[in-house]
Every structure is written in structure tokens, then in C-alpha cells.
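The values are calculated or read from the model by the stated rules, or taken from the named source; none is laboratory data. None of the values given here were measured: they were computed from a predicted structure. FYI the Cβ positions are ideal-geometry reconstructions off the backbone, even for glycines, and counts take in every protein chain you see. Note: accessible area is taken over every heavy atom of the protein model, side chains too, but ligands, DNA and RNA are not part of it. Shrake-Rupley method; radii C 1.70, N 1.55, O 1.52, S 1.80 Å.
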There are 2 protein chains.
Amino acid sequence: MVKSSSFNSKYAAICLVCSVILNLFLVLNTYVGHGRAYLDGLVVDGNGEPVCECNICYSGADCSHFIPDCIANADSGDPLFLEPFWLQHAATSAVVTAGWHRLSYSYNYDGDISKELEKLIRKLHAIVGNAVTENRYIIFGAGSTQVLSAAAYALSPENASSPAGVVASVPYYALYKQQAEYFNLAKFKFEGDAHKWMNKSDGSTYMIEYVTAPNNPDGRLNKPLLQGTNVNTVYDRAYYWPHFTPIPAPADDDLMVFTLSKLTGHAGSRFGWAVVKDETVFNKMMHHMEVNSIGVSRDAQLRAFQLLKAALRGEGRELFDFGYQTMKTRWERLSSIISLSKRFSVQKINPEYCTFYNNVREFSPAYAWVKCEREEDKDCYAVLQAAKITGRQGYRFGAEDRYVRLSLVRNQDDFDMLIQRLNALVSEEDGAKIM
Amino acid sequence: MVKSSSFNSKYAAICLVCSVILNLFLVLNTYVGHGRAYLDGLVVDGNGEPVCECNICYSGADCSHFIPDCIANADSGDPLFLEPFWLQHAATSAVVTAGWHRLSYSYNYDGDISKELEKLIRKLHAIVGNAVTENRYIIFGAGSTQVLSAAAYALSPENASSPAGVVASVPYYALYKQQAEYFNLAKFKFEGDAHKWMNKSDGSTYMIEYVTAPNNPDGRLNKPLLQGTNVNTVYDRAYYWPHFTPIPAPADDDLMVFTLSKLTGHAGSRFGWAVVKDETVFNKMMHHMEVNSIGVSRDAQLRAFQLLKAALRGEGRELFDFGYQTMKTRWERLSSIISLSKRFSVQKINPEYCTFYNNVREFSPAYAWVKCEREEDKDCYAVLQAAKITGRQGYRFGAEDRYVRLSLVRNQDDFDMLIQRLNALVSEEDGAKIM
């Protein structure tokens, strides 16, 4: 349970943090527990108090009971690793919304994008030095998810006889394929691995290449593989923050997609944005947002505004220091275990100069891209599952099932459990040193 | 400017309401001004204080300066008529969100829908008696906008040789056409007025009929025109609340769409929902939300939860009384002017028994569907525009341009200006009595 240490004994049993005010002001610098209670949490016992929502391997009214046979969840990229930062900054990052706040569809200037939030995002990129935003348009979406599909619609030719081909280098983030296969087969069609198209494209076929840099799942700073007048490139920059990668230079691409989820950890807010060079593409994406959802929730925009304001105090140093240290420590713990193994391997990326920190930074990726090295371990997911670890199958990234992605961005309990299970698995190996 | 009367003179110049706490607790029972300031409002002068955002016909630092030549805006359905209700309930409807509130993609039970909000929505429908929700699924979307397109995808057959036909009775809400023409021409195609298809459909063509009840723009409780095994009906129930219509009985349709926008006035939150009978349709719609935006912003869900909780105090009586009285008064003022005119007419709908109020209620529609009766007034929009009134053209509803929709749900200043301009226009008519 999340609670203030000074109120520990007195309130532990009643899930203190449920109350509005206490939410903010009593939750101080401690994050000692294995669950949390929210204002909109499930009310089970009818007394109106939300119950504690426990981390996966814990149960009980105050989430203190450990479930021994628990499976380590390293599946989704739920970015709870940043939650302790926000517990430490509960008051400055809080937002109070009156009932009468912004009922309208439009902000004052008659659009559905908060200009103050847009300004703050430009400032953020300038401070971090990870993207050029001067003379660029900024569009908001419900997470990078909605922004990515808006880009696919906007970059597909109108009234073409055949759909634009959508490609990405293997291993790729599964959503590109899902969206291309779901929304509009007549407009864009998933064509698999970009490598296959490097010499194949005749220049007359319209192509959309998603370039994920750093890449999900393997953290590499991917470069585009296709070029030509009929090729459009969407740069998914979700992980291009000092948490996960050294920033060698500000990205200066035609269409760059970012998300709050992997920056501040607020995946649930569903807030993402794109930085767009071309006015026509921008207008098409705006039209997409309009027809799809009449823009992004103004509540999510207000929350993003408040969170980014809090994050940018002290030039963002505190947030990025926390994020980087956490990810680096996690990577060291995981890779040191894997290094003892002959059965498993993970990606290796060399340290690089980071312009944000003005020094060379270690690799601190969001995910481990694990390979099962034994000939017989063709289904690496099953191998890990048998050891009570849930990863994500290689096929979902267009890769062999000899690969599995393990998420390192989840909450500390999930990560600790992953390390415990991995340690046990590796120490069973013939010839592996026991940690 | 929105402000507390007791602090009136002292703080008028500095846009008092900007501050977090004052937002909630000093804004009491007065709504005397012509603008408001928000936490995320535009900061122009660099001192960090958001400027007041003025209603359309007002300007100046405190929005007290009337712009004499101002055009009355009766265009969009921006539901600001409910803002005074929330000013009166500022404290109970406020929501305080800590920085660490719900970072995750999922609620505790591993979905992206708040179960407590879902419960509250079921309770709301039970109290109002406007929809059957027992044994139905509920899905959330970014406003009814996203829900409506999810329905189109879910109800279109898979791998069909020709697209499903999308129809609605003229006059219809323009979004159905926009969405059908934008998203996926291979899957669904806009086929215009449902009347044309009443005897034409051969039963083998898949059809999707949008039935808007009450209708936007004319407030009628539309019924479906098409029937048959290959016909699917989407009931847009956005206006099926006691504000706008007597509730004759709970709606019991296969797929009903609602939105917070026309219930509480919070258009900007982008929160809507559907009540769905069929499990397969529900699962397809859930998949749509997942691929489109990974569900609805948890911030919007929290806001909706808090607003609906506040609205349901006293069985919702206060909100609906306020909404109904406002809309009824507005309708009376507008229709009494039009009744003096020979040049213009509006729709007439008889009073009906309302099960929510247990008595007969007057018609209190969200929009006036105005007809220009003179032969030469073929462009009714231009006629009104010349009299400094902006409505919405008939063609946008699939109707003749002899019709114009005038929005009655906007803020009081907009409505008052509309009445003033209409009054002037009608009193110029030969033979019309001057009010």
C-alpha cells in the first residue's frame, strides 16, 4: 500500500490514500507498499471506500500478502517505473479541476488543441534537445496510438488504384501491423519487413515506413531503409528520451511521433503528439483527429500540461535522472544475470555521447530482447513461461519465436520478481555460475 | 468574467478564478460575467496568469466590453448552457488528481474501462429511465464520435464483396456521412437518406441505419425505417435526456450511443458510451477502441465519474430541472418570435408524457430547425447571415438549403444575442408585429 510513513500504523487498515486531500498531501516521500487505492477504484464492501489495488504478486486488504507461486509479468510496456517519481512530487504535479472547467469543444481561439500545452511541448524538446520543433506543426492524439494511425491515413495517396505498402524493420512494434490490417485495406496494407523492400520497390509504389528509434523491442536507434519520392517515413520517437537512450542529436525528421506514456509514465492518460514538417500532412492529420474523436480529451491535455510543468522544473533534470538511473540499474541487474547464461542472450549496444547530459551514457533500454540460444529452445516464450516468467513472443514483432521481449519499465515489484525468476532459471543451467 | 460577487471589486482586474483553490471555493452562486479564465488558459503577458477567455461578443481584460456589431453564433452544438449548473456545484463536482494517479494502461482487473464508472452509468440510466442496461455490455469511447465509428466497423460484414450501406433519415447529423466517407470505403459507404432505401433494399445488401432520437437537428424521436436480417441499427441517443425531450419509456435497442457532452455539458472531456446487446458486436467495438487509442483517457473517465456522481445527488433532479428549464425557456423565447413571422417557421412537436417527471412535458429541443418560407429565400443561411446570425446550412444535414439549424445549447450570451438579432430581423418584416 502506498502511504505516509508517519501515519503508517494508524491508517494502514483503511486504505488511507483513497481520500482526495490525503491523496495529495499525506503521501510524502515513501513508496513502501505493493498496491495503491484510487478515487475511482473498485468499491466492493459498500462503504464507499475504494479497495486497494494490489501489484500482481500481492494480495490482501493492504496488499502485504505475497503470493509465492506468482508468475513474473514482463509482458506489456506499462511504464509504472516512473510512479515513485510522481509519489515524490505529488503536490506540484496535482491538478484540481472544477466542475465548470472547459466544458466547450474548443479552446478560446476555436481549436481543440491547448496552445499552452503546445508551447510547453516545444520547450520540452528544446530543453532535452531531442527534436527540432521550430517551424513545425504539432498535433495531439489519444496516445501515440491514435497519432500513428492518423499518419498512415495522411500519408496514403488519395484515390490510388492500390494501397500504400506499410513496412517496418523486423523486429518491429506490433501496432503498425495491427492498425494497417484493421483500418483500411484499400488505403494501406501491411507488407512486413522493410528489409525485404530495400531493392524491391520500383519507385512507383507508395510506401510508408515506420522507423522506431529507439526501437521497440531492441532499443536500437533504427534508420530508415527505404528512400525515394514515393516513400514516406514515420519516426516513432516514443523512447527517444534520456531514460532509455543517449540523445546524440535533436531528431529532425519530417514526421516524429512522441507519447506521454514513455516520457512521464502516464500511459493511462492517452496523450501523444506528432511534430510535423509539411502543412498538408498536418491538415490531413488534424482532419483525422476531428472525424475520429473531435480531438483529444481536454482533461488529458490539462493533466499533460500540469505533469510536464512539474517535470520541467529544474530543466527536467530530476525526472530524467530518476528515469535513467532506474532503467540503467534494471538493465545492469538483468544483463549481469544473462551474462552468466549460455542458454540466453540479450542485445548489446555500446555507450554513446548524450548531448542532454554532455557525457557518455550507458545503454538503458526499455526492454530486453532475449534470445534462446539452444537449438531445441525454438519457443523461447514457452521456456520462460515454464520458469514462471511471462514475456512477449517474438512473432508479435515479426521475428522468430526464438526471441522474447521482456519489459523492464513495469513497477518495481514486477521487475524484482522477474529478476528472482530469471536468477533461478539461469542458476539451474549446467555450467552457469550461481549468483 | 466568472467571479465571486463578494470578491468582485477587489479582484475583478486580475482574473481571480485562475488560481487552483479559488477556482473551486470562491466561485459561488454567481455567474455574472462574459468570460472565464482557466488553469491552462493562454498566457500572453508573461506574468504567468492566464488571460480571460471572453464570450464571442465581449472583449477586454475582464470581458466586460460589448462588441456592438457582433454576429450571433448559433452554429455548433457547444453545450455551454449547462455551465451555470457546474458553477453552482463547483466544489462537489471538482476532481483532484495527484501526479501518481493511474499511470497504468489498465485498471486493476486488467481492462481499460473503469468498472465504477460503468456501474454509475447503469445507475444513471435506471434513475432517468431512458435506457435498459440489464444484461447489456457497456463500452466507452472518446465522445459519441469514436463510439459511432466503432459501431460502423463492428456492424460491417467481414470480407464482404461490397461495402455495407450507411443511411440516415434526412435531416441527419452530418458526422455519420463524414465518417462513412472518410474511414473505409471498402467496408462501409454512405448511401444517403434512409427513406430512399425503404423499398429498395433487396435484403441481401448489408445496411447500417443511424437512428437519431431525439433527432439532430429537429428533435423528433425518429424510428428506424429499414428492417430485415441484414439491417443493423445504431441508435444515437445523445439527446435522450430530460433536458431535451420527454422520456416516454426506457430505450431498449440493440446498440444505443450516449455522450457526456449533451448530458452534463462536458463536450471537451470527449467521453461517450454505448449500451450493446450482442457480445460479438461488443467485442468488435472493444477491439476497435484498442487499436484506435487503447481505450479512453483515464483522466476523462475520472472526470466523468466525478461529474456523474455530483449530478446524481438527489436522483439527478437538480441537473435535469436546470437543463429542462433552461431549454424550455429558450425554446419559448425563440418560438414566440418565429410565431410572429411569415418569413420563417420552425418545427412543432407536441408535449408528451415523461416517465422521469411523471407528467406531460413541453418540447424543449436542443436546436431550432428553421425554414425560410419565401420562394426567393432559397439560401436560408445567407438570409440569416445578412442579419448577423450564423446558423448551420441545411445541406449539411442532407436537407435543402431552405433550412438552417440554430443551436440553442450554447452559452447564455450567444443565445441572448441570437434572440436580439432574430427579433430585429422579424420586426423588419412587412406585417409582422413588433415585439
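Residue-wise HN-Hα couplings along region A:87-103, as the Karplus relation 6.51 cos²θ - 1.76 cosθ + 1.60 with θ = phi - 60° gives them from phi, are 5, 6, 10, 4, 6, 5, 9, 6, 10, 10, 10, 6, x, 8, 5, 6, 5 Hz; Gly and Pro carry x. Extending 7 Å from Cα along the Cβ direction at A:Glu49 and again at A:Asp278 yields two label points whose distance is 5.8 nm. Farthest toward the positive end of the dipole of the protein assembly as shown, out of A:Gln146, B:Ala94, A:Gly272, is the Cα of B:Ala94, where the dipole comes from beta carbon charges about the Cα centre. What percent do you get for the relative contact order of chain A when only Cα pairs under 8 Å and 6+ apart count? 19 percent. Which of the three applies to chain A, rounded, prolate or oblate, going by the alpha-carbon gyration tensor with a ≥ b ≥ c and a/c under 1.5 meaning rounded? Judged from the Cα gyration tensor, chain A comes out oblate (a/c at least 1.5, b/c at or above a/b). What the phi angles of region A:184-193 give under the Karplus curve with 6.51, -1.76 and 1.60, with θ = phi - 60°, is a coupling list of 7, 5, 7, 9, 8, 9, 6, 10, x, 5 Hz, glycine and proline written as x.
Here region B:115-314 is assigned +1 on the Cβ of each Lys and Arg and -1 on the Cβ of each Asp and Glu. Its dipole about the Cα centre then comes out at about 620 debye. Loop-located GluC sites (Glu not before Pro) across region A:351-435 with a Cβ neighbour count of 10 or fewer within 10 Å are A:Glu375, A:Glu376, with loop assigned by DSSP.
Within straight-line reach of A:Lys309, meaning a Cα separation under 16 Å, sit the following aspartates and glutamates at least 8 residues removed in sequence or on another chain: A:Glu116, A:Glu118, A:Asp299, A:Glu318, B:Asp40, B:Glu49. Using a 1.4 angstrom probe on protein heavy atoms only, the contact between A and B buries about 7000 square angstrom of accessible area, both sides summed. In this structure the protein assembly as shown gives 38 Å² per residue of accessible area when probed at 1.4 Å with all protein chains present. Is there a pair in A:Lys115/A:Lys284; B:Lys189/B:Lys378; A:Lys187/B:Lys177 whose C-alpha atoms are over 24 Å apart, and which pairs would that be? B:Lys189/B:Lys378, as the Cα separations exceed 24 Å there.
Look at the stretch B:102-115: the mean tally of other chain Cβ atoms within 10 Å of its residues' Cβ atoms is 6. Descending by average beta-carbon neighbour count within 10 Å, the peptides B:377-386, A:95-104 line up as A:95-104, B:377-386, the highest first. A loss of 40 Å² or more of accessible area (1.4 Å probe, protein heavy atoms, ligands and nucleic acids excluded) relative to the isolated chain is seen in these residues of region B:148-193: B:Tyr153, B:Tyr182, B:Phe183.
Across region B:342-352, rounded Karplus estimates of 3J(HN,Hα) from the backbone phi angles (6.51 cos²θ - 1.76 cosθ + 1.60, θ = phi - 60°) give 9, 7, 10, 9, 10, 4, 10, 9, 6, x, 9 Hz, Gly and Pro being marked x.
If a spin label sat at a point 7 angstrom from the Cα of A:Asn135 along the line to its beta carbon, no backbone N atom of region A:91-127 would be nearer than 11 Å. Among the residues of region B:250-289, those with an accessible-area drop of 40 Å² or more from chain alone to full protein complex, heavy atoms and 1.4 Å probe, are B:Gly268, B:Arg270. Checking every one of the GluC sites (Glu not before Pro) in region A:91-140 against DSSP loop status and a limit of 11 other Cβ atoms within 10 Å picks out A:Glu134.
Select from region B:150-224 those trypsin sites (Lys or Arg not before Pro) which occupy a DSSP coil region and have at most 16 other Cβ atoms within 10 Å, ordered by residue number.
Of the trypsin sites (Lys or Arg not before Pro), the ones in loops of region B:150-224 whose Cβ has at most 16 other Cβ atoms within 10 Å are B:Lys200.
Name the residues whose placed amide hydrogens come within less than 5 Å of the amide hydrogen of B:Gly35, ignoring near sequence neighbours (fewer than 5 apart) on the same chain. Long-range HN contacts for B:Gly35: B:Val2, B:Asn55.
With the contact rule set at Cα under 8 Å and sequence spacing of 6 or more, what percent relative contact order holds for region A:115-314? In percent, rounded to a whole number, it is 29.
Modelled label positions at A:Glu428 and A:Tyr353, each set 7 Å beyond Cα in the direction of Cβ, lie 4.7 nm from each other. How many percent of the accessible area of chain A is carbon or sulfur, using a 1.4 Å probe? That share works out to 50 percent. Rounded to 0.05, the FRET efficiency of the B:Ala186 and A:Gln227 pair, given R0 = 22 Å and the Cβ-Cβ distance, is 0.15. Since only B:Gly314, B:Val383, B:Ser339 are under comparison, the one whose Cα sits farthest along the positive direction of the charge dipole of region B:283-435, derived from C-beta charges on Lys, Arg, Asp and Glu, is B:Gly314.
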